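Bear in mind that the values in this text are calculations on the coordinates, not laboratory data. Everything numeric here is computed off the predicted structure, so don't read it as measured data. Glycine gets a Cβ as well: all are built from the backbone with ideal geometry, and neighbour counts include every protein chain shown.
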Amino acid sequence: MSEFEIPEGGLVEAPAVPQPNIFPIEWRCETPKLAEIYERAKREGFNPADINWSELSPEAWSDDEKVAIMYWWALLSNFDSSGPAVFARATIHAWEMHEEDPVRKCFFSITRDETNHEETCQRVIQRLVPNGPQGFAPKSELQRVALNNIGWLYHNGGRYWTGYNRAIDRYPLAVIFTSFMMGEVASSTLFHGMAHATTHPVFREIFTKIGRDEARHLQICINLLEKEWPGLTDEHKTFITKQLRAGFVFLSMVLWEPPAQFWDLPGYFLHNHRILLRTAREAGLGILTFEQQADNWRLAIARVRKLVEKWDIQFPAIPELDIEGVDVGNITAEDIIPVF
Ligand SMILES: [Fe+2]
Ligand SMILES: [Fe+2]
């Protein structure tokens, strides 16, 4: 006689779990390359607390220089500090959609890394300007202008969140990840360039470490897209073309200068922005010049273009950088899928 209780009619199957759902639990692996990258992510990641912060001595700069440098980190935060929530959402989505295990784990690793990048922004900002980016009392015209511009940056950052939340359920991962890829290409080039240009060893260490993470994120995006793109419909391809333009419009704020689309800014913003960046550049932060940034952006875009055209996805026109392509019309807050 069995130790178990087995009814006469046999065991009853549990009902199927209604989908989308994070259950049932399973660990499918279809892309070993992604599993490999996840292993690398576990070893390569860094701890922002271990950076030698005492070497970033606030006495090295005047108060205005410190605020100008902080301004750039606050600007970077508009992108990097949204990373944790953006990728956490994508991670949950990947679980609900039963993406293979390495995809879910890679998304988790990006969430982990972006939280480190966010913490790095936080630490630099608070070391240079206690209670920054917005809680400090400005004591000069430059400081007042910086505080005001930061308010406008975050106003615009806040405009994409609803659209993103809708997009994540509405579009396949291939579409969402094309936007992410644009961000990762851009940020890996950005940090690489700044690591060379900065004169401060702490900033060099930070840019090198974040740049290494971003290069890994880019590899995750490329591997995921190579897997997802073959199944795309023409409608999705058209949408991706628009997303590429949206990525350019959004990311240009930190990588170059914002085009006259999406960004809701007062007329004086850009003029003051340029002076703040010039001050931070002269203080040794490592911000590239307008022309160097444009060259960097062109290079990053050429890389993205080569990748997407392989899959018959058309590239948008980017007249700002003399790049020819398809006219995708106006870009609004609804079109922005945030990245970095
Ligand atoms: Fe990042
Ligand atoms: Fe990233």
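Rank the residues LYS310, LYS227, LYS209 as a footprinting-exposure proxy: fewest other Cβ atoms within 10 Å of their Cβ go first. Provide the component values of the computation, followed by the final result.
Details: LYS310 10, LYS227 17, LYS209 23.
Arranged by neighbour count, lowest to highest, LYS310, LYS227, LYS209 become LYS310, LYS227, LYS209.
Which of the lysines could a cross-linker span from LYS306 if the Cα-Cα distance has to be under 27 Å and same-chain partners fewer than 8 positions apart are dropped?
LYS33, LYS209, LYS227, LYS237, LYS242
At a threshold of 8 angstrom on Cα-Cα distance, excluding pairs fewer than six apart, so keeping six or more, what relative contact order does the chain reach in percent? All intermediate terms of the calculation are to be shown ahead of the outcome.
Values: 426 pairs, mean separation 80.7, N = 340.
The normalised contact order for the chain reaches 24 percent.
Express in % the proportion of alpha carbon pairs of the range 118-220 at distances exceeding 17 Å.
Working: 3570 of 5253 pairs.
Summing the P(r) of the range 118-220 above 17 Å gives 68 percent of all pairs.
Using the count of nearby Cβ atoms within 10 Å as a rough guide to exposure, how do MET70, MET194 rank from fewest to most? Working shown, then result.
Numbers: MET70 26, MET194 23.
With the sparsest Cβ surroundings first, the list reads MET194, MET70.
Please list, in order along the range 150-162, the HN-Hα scalar couplings obtained from phi with the Karplus expression 6.51 cos²θ - 1.76 cosθ + 1.60 (θ = phi - 60°), rounded to whole Hz, x for Gly and Pro.
Taking θ as phi minus 60°, the curve returns 4, x, 5, 4, 6, 4, 6, x, x, 7, 9, 4, 4 Hz for the range 150-162.
Can you list the lysines whose alpha carbon sits under 20 Å from that of LYS139, skipping same-chain ones fewer than 8 residues off?
Leaving aside lysines fewer than 8 places away in the same chain, those within reach of LYS139 are LYS66.
What shape does the range 38-120 have by the C-alpha gyration tensor, where a ≥ b ≥ c are the square roots of the eigenvalues, rounded means a/c under 1.5, and otherwise prolate means a/b greater than b/c and oblate the rest?
Details: a/c = 5.45, a/b = 2.14, b/c = 2.55.
Since a/c reaches 1.5 but b/c is at least a/b, the shape of the range 38-120 is classed as oblate.
Amide H neighbours of ILE323 under 5 Å, counting only residues 5+ apart in sequence or on other chains, H built in-plane at 1.01 Å?
ILE318
Say we join alpha carbon atoms closer than 10 Å with springs in a Gaussian network model of the chain; which of ALA246, ALA68, ALA167 then has the biggest fluctuation?
ALA167
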